[in-house]
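Notes follow once the structure below has been shown.
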Amino acid sequence: MGQRFLSDSKKRIGLLGATGSIGTSCLEVVRAHSESMSIDLLSAHSSWRELARSAAEFLPQTVVLTGVQASDVAANAFPSSVEVLYGEEALLKAVEVPEIETVITGIVGAAGLRGTLAAVEAGKRIGLANKETLVVAGSLVTQKAVETGSVLIPVDSEHSAIFQALACGKREDVSKLILTASGGPFRSWSAEKIAQATVANALDHPTWDMGPKITIDSATMMNKALEVIEARWLFGINARQIEVVVHPQSIVHSMVEFVDGSVMAQLSPPDMKLPIQYAITWPDRIAGTSPKLDISQTFSLDFEPPDLERFPALALGFEVADQGGTAGVVLNAANEVAVDRFLQDQLTFPEIPRLCRSILASHQFESNPTLDELLTLDGWARQEALRWTSSTSHSSPSLTAPRC
């Protein structure tokens with residue numbers, strides 16, 4: 001059975017990925033609402049100094065470091081009242097603690113899957129900031145949430161907007177979901193100029209301040225591709241009922257069109273604290289610290305269709321969302337490696353989506369994989385992506401794709 005979520009009690013939170021951009025924004029929310037929220041669990045991969053500073057301020061019951069050992073951490077780095085644990089298995093057990101009501105999953109990439117799934121299995125309310133969880137294992141996670149009573153509340157600004165707009169009507173009356181995209185730093189660049197883009201160019205996002213992986217994904221529009229896949233599972237909607245529109249101001253975070261033609265949108269200045277706070281307080285709303293939209297000032301809202309020729313990664317998202325099965329895990333794994341290789345100047349910018357399409361085309365598709373099969377394919381796709389070059393993109397892979 002899932003937990004009952006009581007609106008009149010102090011919200012006790014487990015924060016996975018406390019030192020990343022989502023984690024630090026979540027801590028700002030809790031800091032501003034310390035009378036109604038507390039942190040019971042903090043986790044990080046290897047940034048133990050930053051985690052120790054947060055532990056000293058918020059005094060959680062437990063902290064978990066998954067990427068270092070006790071011998072790597074300075075003695076007395078953490079307050080004596082805080083239990084310090086190490087390793088992924090410790091994290092999986094820590095999220096099951098009954099006192100924790102909400103788990104915010106801010107770990108970037110597929111590394112966040114097991115922690116999120118453990119929280120779902122424990123029937124927690126999930127503030128889902130890790131889109132890769134549903135990209136990789138959407139069918140498994142959503143089915144498990146139904147079984148345990150876990151509530152999946154999106155923290156991505158686009159999915160949070162849809163989650164809020166859906167409250168304006170019945171699910172059966174939804175015509176389509178419209179995800180907005182900033183267009184990234186290359187929105188107005190020609191295909192020829194994009195082909196010459198450097199790492200510095202790709203990291204220069206015009207609207208959002210994010211980590212390097214997510215920022216590169218925004219530049220390729222792979223982030224929007226992953227969000228299309230996430231929306232397909234999160235909202236249980238046909239992939240062909242999802243659209244993407246480029247909206248450079250990032251004020252309209254996404255929209256829902258109903259069958260009568262009404263379009264409901266959520267608007268606010270770009271600030272991740274707002275969707276994080278709503279994930280914690282839902283179905284209630286409380287005063288927040290995020291900036292508010294000043295409609296007394298003149299401003300414009302622009303929308304334009306995405307260019308799939310200049311941004312082929314987005315086309316991959318629609319294809320994979322439609323396929324389901326093992327396509328999501330392969331796309332996500334290949335992209336994570338491709339982005340890392342681009343950041344290390346091992347790939348050109350246009351080679352990121354080319355690599356992803358090549359690895360997708362060479363894998364053995366399965367429509368109903370188990371978690372073990374997904375994890376096996378994740379490893380296979382990463383190895384293939386590490387060895388990929390443009391010259392081998394049309395040749396057979398060196399490693400046999402696992403048959404699920």
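The values are calculated or read from the model by the stated rules, or taken from the named source; none is laboratory data. This one's a predicted model, so the numbers in the text were calculated from it and none came from an experiment. Cβ placement follows ideal geometry from the backbone for every residue including glycine, while neighbour counts extend to all protein chains displayed. The protein model used for the area step is the full one, side chains on, heavy atoms only, and it has no ligands, DNA or RNA in it. Shrake-Rupley method; radii C 1.70, N 1.55, O 1.52, S 1.80 Å.
For the stretch 175-220, filtered to residues that are touching a strand residue (DSSP E or B) at 6+ places or on another chain (Cβ under 6 Å) and surrounded by fewer than 19 Cβ atoms within 10 Å (Cβ to Cβ), the residue that is nearest to Gly17 (Cα to Cα) is Lys176.
Look at Ala279 and say whether it is out of contact with any Pro (no Cβ under 9 Å at 6 or more places or on another chain) and crowded, with 16+ Cβ neighbours inside 10 Å. Taking the combined requirement at face value, the residue does not satisfy it.
Cβ-Cβ contacts under 8 Å between residues 6 or more apart (or on different chains), taken from a first residue in the stretch 89-106 that is within 19 Å of Lys131 (Cα to Cα) and in contact (Cβ under 8 Å) with a residue 40 or more places away in the chain to a second residue that is assigned to a loop (DSSP other than H, G, I, E, B) and of a type in the set (Lys, Arg), are listed as Val95/Lys124; Thr102/Lys124; Val103/Lys124. Take the conditions (1) touching a Ser or Thr at 6+ places or on another chain (Cβ under 9 Å); (2) under 25 Å from Glu257 (Cβ atoms); (3) at pLDDT 95 or above; Ala197 misses just one of them, which is (2). In the stretch 281-302, the residues that are within 22 Å of Arg12 (Cβ to Cβ) reach residues that are open to solvent by 70 Å² or more (accessible area, probe 1.4 Å) and at pLDDT below 95 with C-beta atoms within less than 6 angstrom, at least six apart or across chains, in these pairs: Asp284/Ser7. Tell me, which residue of the stretch 85-141 that is within 18 Å of Gly379 (Cα to Cα) and among the charged types (D, E, K, R) is modelled with the lowest pLDDT? Out of the qualifying residues, it is Glu132. Could you tell me how many of the residues in the stretch 249-270 are at pLDDT below 95 and open to solvent by 30 Å² or more (accessible area, probe 1.4 Å)? Total satisfying the criteria: 2. A Cβ distance below 9 Å, combined with a sequence gap of six or more or placement on separate chains, defines the contacts here; from the stretch 189-201, residues that are part of a loop (DSSP other than H, G, I, E, B) reach residues that are among the polar types (S, T, N, Q) in the pairs Trp189/Asn201; Ala195/Thr348; Gln196/Thr348; Ala197/Thr348. Take the conditions (1) touching a helix residue (DSSP H, G or I) at 6+ places or on another chain (Cβ under 7 Å); (2) assigned to a helix (DSSP H, G or I); (3) hydrophobic (A, V, I, L, M, F, W, C); Val244 misses just one of them, which is (2). For the stretch 312-348, filtered to residues that are in contact with a Pro (Cβ under 8 Å, 6 or more places away or on another chain) and over 16 Å from Ala381 (Cβ atoms), the residue that is least open to solvent (accessible area, probe 1.4 Å) is Leu314. Here the condition is being among the charged types (D, E, K, R) and touching a His at 6+ places or on another chain (Cβ under 9 Å); of Glu172, Glu227, it holds for Glu227 alone. If I filter the stretch 18-29 down to residues being free of Cβ contacts under 8 Å to residues at least 60 places away in the same chain and part of a helix (DSSP H, G or I), which single residue comes out as nearest to the chain's Cα centre (by Cα)? Here the answer is Thr24.
Test Val63 against the criterion of being within 19 Å of Leu27 (Cα to Cα), among the aliphatic types (A, V, I, L, M) and either outside any strand (DSSP E or B) or open to solvent by less than 20 Å² (accessible area, probe 1.4 Å) (or both), and give yes or no. Criteria met by Val63. Criterion first (over 28 Å from Asp284 (Cα atoms) and over 20 Å from the mean Cα position of the chain (by Cα)) does Ala195 satisfy it? Considered against the rule, which asks whether it is over 28 Å from Asp284 (Cα atoms) and over 20 Å from the mean Cα position of the chain (by Cα), Ala195 comes out as yes.
Return a yes/no flag: does the stretch 273-280 have any residue that is within 20 Å of the chain's Cα centre (by Cα), touching a residue at least 40 places away in the same chain (Cβ under 8 Å) and assigned to a strand (DSSP E or B). There is no residue in the stretch 273-280 that is within 20 Å of the chain's Cα centre (by Cα), touching a residue at least 40 places away in the same chain (Cβ under 8 Å) and assigned to a strand (DSSP E or B). Cβ separations smaller than 8 Å between residues 6+ apart or across chains give the following pairs from the stretch 315-329 residues that are of a type in the set (D, E, K, R) to residues that are crowded, with 18+ Cβ neighbours inside 10 Å and assigned to a helix (DSSP H, G or I): Glu319/Ala327; Asp322/Ala239. Looking at the stretch 43-57, is at least one residue open to solvent by 30 Å² or more (accessible area, probe 1.4 Å), in a loop (DSSP other than H, G, I, E, B), closer than 23 Å to Thr215 by Cβ and touching a residue at least 60 places away in the same chain (Cβ under 8 Å)? Checked against the condition, which is being open to solvent by 30 Å² or more (accessible area, probe 1.4 Å), in a loop (DSSP other than H, G, I, E, B), closer than 23 Å to Thr215 by Cβ and touching a residue at least 60 places away in the same chain (Cβ under 8 Å), the stretch 43-57 yields at least one hit. Once the stretch 352-366 is narrowed to residues that are under 23 Å from the mean Cα position of the chain (by Cα) and either at pLDDT below 95 or open to solvent by 30 Å² or more (accessible area, probe 1.4 Å) (or both), the residue that is nearest to Thr215 (Cα to Cα) is Arg354.
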